[in-house]
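The values are calculated or read from the model by the stated rules, or taken from the named source; none is laboratory data. All values reported here derive from a predicted model rather than from experimental measurement. Every residue, glycine as well, gets a Cβ built from its backbone with ideal geometry; the counts of neighbours run over all protein chains shown. Heads up: the accessible areas ignore ligands, DNA and RNA and are worked out on the full protein's heavy atoms, side chains in. Shrake-Rupley method; radii C 1.70, N 1.55, O 1.52, S 1.80 Å.
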Amino acid sequence: MGTETLVNRILEEYFQVEEISESDKRTPGFLVRDGTNEYLVEVKEKEANPALGEAKEEAFKYRDSKML
């Protein structure tokens, strides 16, 4: 299941959700209503940067070596 489908299913548990069709213009993915208000929701999926994880591990190793 894709991220956008998952978010849609979760939102539908609590709100009225209308998927906004794609176009040439930048548009959000969903129009969400709670009975009083309307919200525009854009779903983005981010992946961790492997280089950042490696740098963090190196920093922890350095810190731990100084604590010994």
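Using r as the Cβ-Cβ distance of residue 33 and residue 4, and R0 as 25 Å, what FRET efficiency do you calculate, to the nearest 0.05? Before the final figure, lay out the partial values.
Details: r = 18 Å, r/R0 = 0.73.
So the FRET efficiency works out to roughly 0.85.
Ignoring ligands, DNA and RNA, what accessible area per residue does the chain give at 1.4 Å, in Å²?
That works out to 93 Å² for each residue.
Relative to the longest principal axis of the chain, what angle (0 to 90°, nearest 10) does the C-alpha long axis of helix 3-12 take?
50 degrees
Give the lysines whose C-alpha is closer than 25 Å to that of residue 44, dropping any in the same chain fewer than 8 places away, or say none.
Those lysines meeting the cut-off are 25, 56.
Hey, what number do you get for the chain at 222 nm if only DSSP H runs of n ≥ 4 count, each worth -39500 (n - 2.57), divided across all residues, to the nearest 500?
Roughly -13500 deg cm²/dmol at 222 nm, from the helical runs in the chain.
Just tell me which lysines come within less than 30 Å, Cα to Cα, of residue 61; anything on the same chain fewer than 8 places away is out.
Hits, sequence-local ones excluded: 46.
What is the helix-to-structure angle for 50-67, meaning the angle in degrees between its Cα long axis and the longest Cα principal axis of the chain, kept from 0 to 90 and rounded to the nearest 10?
40 degrees
For the pair residue 23 and residue 61, how long in nm is the line joining their label points, each one 7 Å along Cα→Cβ?
Placing both labels 7 Å beyond Cα along the Cβ direction yields 5.2 nm.
Out of the total accessible area of the chain (probe 1.4 Å, heavy atoms of protein only), what percent is carbon and sulfur?
Solvent-exposed carbon and sulfur of the chain make up 50 percent of the total.
Just to be sure I follow: if Rg is taken over the C-alpha atoms of the chain and Rh is the Kirkwood radius over the same atoms, what is Rg/Rh?
Rg/Rh for the chain comes to 1.31.
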